[in-house]
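Engineer: My structure is below; once you've seen it, I'll send some questions.
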Amino acid sequence: MPSPILPGATLGILGGGQLGRMTAMAARSLGYHIHALDPDSSCAARSVVDRCLAASFDDVDAAADLARGCDVVTLEIEKVSVPALRAAERFAPLRPAPEVLEVVQDRRAQKEWLERGGFPIGPWSPAESADGIAAAARALPGRVFVKASRGGYDGRGQAVIGGPEEADGAWAAVGERPCVVERGLDIEAELSVLVARRPGGQTAVYPPALNHHERQILEWSVLPGPVPPDVASRAMALGRAIADAFPVVGLLVVEIFWLKDGSLLVNELAPRPHNTFHATEVGCLTSQFEQLVRAVCDLPLGSVEVVRPAAIYNLLGDSWLSGTPPAFDAALAIPGVRLHLYGKRVPRPGRKMGHLAAVGSTPEEAVERVKAARDALSGAEIRAADASAALGGSPRSDA
């Protein structure tokens, strides 16, 4: 059995974005030193780590250099190349292991792995050309979602088409590279489940979050998701089973489609902290970031109890580019609201610059408050939406 990596040791993080920054902040509070690697020399984590290496995610020498100075290495992004992961693994425990990333980095490999394991996914087909997309669209009638097998997030490298006649445009949209084609689904809501797992197999599973997207980017999320108890139980069991099947060490988030017929289908996997669980910082006894540090350092996992319902609302660069500075003071005047900015210097449309978080006596109230704070931030009149309207957005019907 591995020995615990106790406070005072050095944690390496592959990736220095906001997830790396927040992981580093949690690790600091536990008494760890932190080294990070990121291609951006001014990345979000730079100001909160002891050492930051500016290097690409496929730089095997830099990954090895990072690991040499660390007692354990984890990651906050899936883009790190497998050769770089293996280089780091030679000098320090890497959690999660490269084998997990080999599956997760490629949507086709991920779907094939899920199918082999008997886990439920929606109808899909691989494609390697415009003709392949057209053939898949004919086999999966109705609206389909075309996604590049590698890379792409927040709607990038993806296209939605209504039939095979739109295949050429979809092929261009995904960068003329291998992709997966997924049939549109009749979705009740989108959920996510976070599983933390230690090297010895001990796991802790957070209740499902309910998530709402706009333009294929997460707009808001609430924890615990207001779903029937049996749906929550089945989603948590599904997440635990997938984490055990890898087996993953660290965190695994399972994105799930809850269909109108009551069934649950796996959308995608993420072996890292996740946007949909930022609410754990204000709503749970143990945040996802502290839980990651505990898991990869083989410390006892923290409680996943939700002390009070919490919701988050993503703040995109568009708010900074609108011509009116964000009214942070107005947002913070809403009771129960907190602001978290990621330290990114350059706002861009669609770039996540931070998030608002709010707590409430119910999930509905938490969503109302965080939406009101977002309206106040932009100078809009605060919406007095009731709880049912707050949770009655139009979830995507996609796979």
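Engineer: I want the local charge near Asp168. Using Cβ-Cβ distances under 14 Å, sum +1 for each Lys or Arg and -1 for each Asp or Glu among the other residues. Could the numbers behind the result be given before it?
Structural biologist: Values: positive: none; negative: Asp131, Glu165, Glu166, Glu176.
Residues near Asp168 contribute -4 overall.
Engineer: Sticking with this structure for a sec: Once the principal axes of the Cα atoms of the stretch 251-293 are found, what is the range along each, listed largest first in whole angstroms?
Structural biologist: Principal extents (Cα only, largest first): 36, 21, 13 Å.
Engineer: Lys and Arg at +1, Asp and Glu at -1: add these up for the other residues within a Cβ distance under 9 Å of Phe57 and post the number. The partial results should precede the final answer.
Structural biologist: Numbers: positive: Lys79; negative: Asp38, Asp58, Asp59.
Here the count lands on -2.
Engineer: Below 19 Å Cα-Cα, how many Lys pairs turn up in the chain? Only count pairs eight or more apart in sequence, or on different chains, if you could. Walk me through the numbers before you get to the answer.
Structural biologist: Working: Lys79/Lys111; Lys79/Lys147; Lys79/Lys352; Lys111/Lys147; Lys344/Lys352; Lys352/Lys371.
Lysine pairs meeting both conditions in the chain amount to 6.
Engineer: Right, here's the next one. Please arrange His355, His212 by how many other C-beta atoms lie within 10 Å of their C-beta, fewest to most. Write down the numbers at each step before the final one.
Structural biologist: Values: His355 26, His212 21.
Listed from fewest to most nearby Cβ atoms, that is His212, His355.
Engineer: Along the charge dipole of the chain, Cβ charges K/R +1 and D/E -1, which of Phe91, Pro208, Ala373 sits furthest on the positive end?
Structural biologist: Of the options given, the answer is Phe91.
Engineer: How are the alpha carbon pair distances in the stretch 12-129 distributed across 5 Å bins from zero to the largest one, expressed in percent?
Structural biologist: Bins of 5 Å from zero give 2, 12, 20, 20, 15, 10, 8, 7, 3, 0, 0 percent of pairs.
Engineer: Have a look at the stretch 187-390 and give its Rg and Dmax from the Cα atoms, expressed in angstrom.
Structural biologist: According to the Cα coordinates of the stretch 187-390, Rg and Dmax are 17.0, 52 Å.
Engineer: Okay, moving on. Sort all Cα-Cα distances of the stretch 83-136 into consecutive 10 angstrom bins from zero, then give the percent of pairs in each bin up to the one containing the longest distance.
Structural biologist: All Cα pairs, binned at 10 Å, distribute as 20, 35, 27, 14, 3 percent.
Engineer: On the first, second and third principal axes, largest extent first, how far apart are the outermost C-alpha atoms of the stretch 123-183 in Å?
Structural biologist: 25, 18, 16
Engineer: So how do Leu292, Leu6, Leu299, Leu85 line up by other beta-carbon neighbours within 10 Å, fewest first?
Structural biologist: Values: Leu292 27, Leu6 13, Leu299 17, Leu85 24.
Listing Leu292, Leu6, Leu299, Leu85 from fewest to most nearby Cβ atoms yields Leu6, Leu299, Leu85, Leu292.
Engineer: To continue, here is another question. Listing Trp220, Trp171 from the residue with the fewest other Cβ atoms within 10 Å to the one with the most, what is the order?
Structural biologist: Working: Trp220 26, Trp171 22.
Placing the least packed residue first, the sequence is Trp171, Trp220.
Engineer: Stretch Leu321-Leu30 to full length: gain in nm at 0.36 nm per residue minus the Cα-Cα span?
Structural biologist: Numbers: separation 291, 0.36 × 291 = 104.76 nm, distance 3.68 nm.
Residue separation times 0.36 nm, minus the Cα-Cα distance, leaves 101.1 nm.
Engineer: GluC sites (Glu not before Pro) within the stretch 132-194: which are DSSP loop residues with at most 10 other Cβ atoms inside 10 Å?
Structural biologist: Details: sites: Glu165, Glu166, Glu176, Glu182, Glu188, Glu190; in loops: Glu176.
Qualifying residues, ordered by number: none.
Engineer: To continue, here is another question. Find out how many positive minus negative residues lie around Gly262, taking Lys and Arg as positive, Asp and Glu as negative, among other residues whose Cβ is under 12 Å from that of Gly262. Please report the intermediate quantities before stating the final value.
Structural biologist: Numbers: positive: Arg234, Lys260; negative: Asp186, Glu188, Asp230, Asp261.
Taking every Cβ under 12 Å from that of Gly262, the sum is -2.
Engineer: A further question follows. So I have (1) 37.9, 137; (2) 20.6, 60; (3) 25.5, 93, and one of them is Rg and Dmax of the Cα atoms in Å calculated from this model. Which one is it?
Structural biologist: Read-out from the structure maps to (2).
Engineer: Nearest 5 percent is fine: what portion of the DSSP beta bridges confined to the chain is antiparallel?
Structural biologist: On the way: 57 of 73 bridges.
Counting DSSP beta bridges with both partners in the chain, the antiparallel share is about 80 percent.
Engineer: Less than 12 Å from a label point 7 Å out along the Cα-to-Cβ axis of Arg177: which backbone N atoms in the stretch 120-152 qualify, by residue?
Structural biologist: Under 12 Å, as judged by backbone N against the label point of Arg177, lie 148-152 of the stretch 120-152.
Engineer: Given a Förster distance of 45 angstrom, what is the FRET efficiency for Glu214 paired with Asp131, based on the Cβ-Cβ distance and rounded to 0.05?
Structural biologist: Computed FRET efficiency for Glu214 and Asp131: 0.90.
Engineer: Turning to a different aspect of this structure: Just in the stretch 199-284: which trypsin sites (Lys or Arg not before Pro) are loop by DSSP and have at most 15 other Cβ atoms within 10 Å? Write down the numbers at each step before the final one.
Structural biologist: Values: sites: Arg215, Arg234, Arg240, Lys260; in loops: Arg215, Lys260.
Those satisfying the criteria are Arg215, Lys260.
Here, each number is a calculation from the coordinates, and none is a lab measurement. For clarity, every value in this text was computed on a predicted model and none was experimentally measured. Note that we place each Cβ from the backbone using ideal geometry, even for glycine, and neighbour counts take in every protein chain shown.
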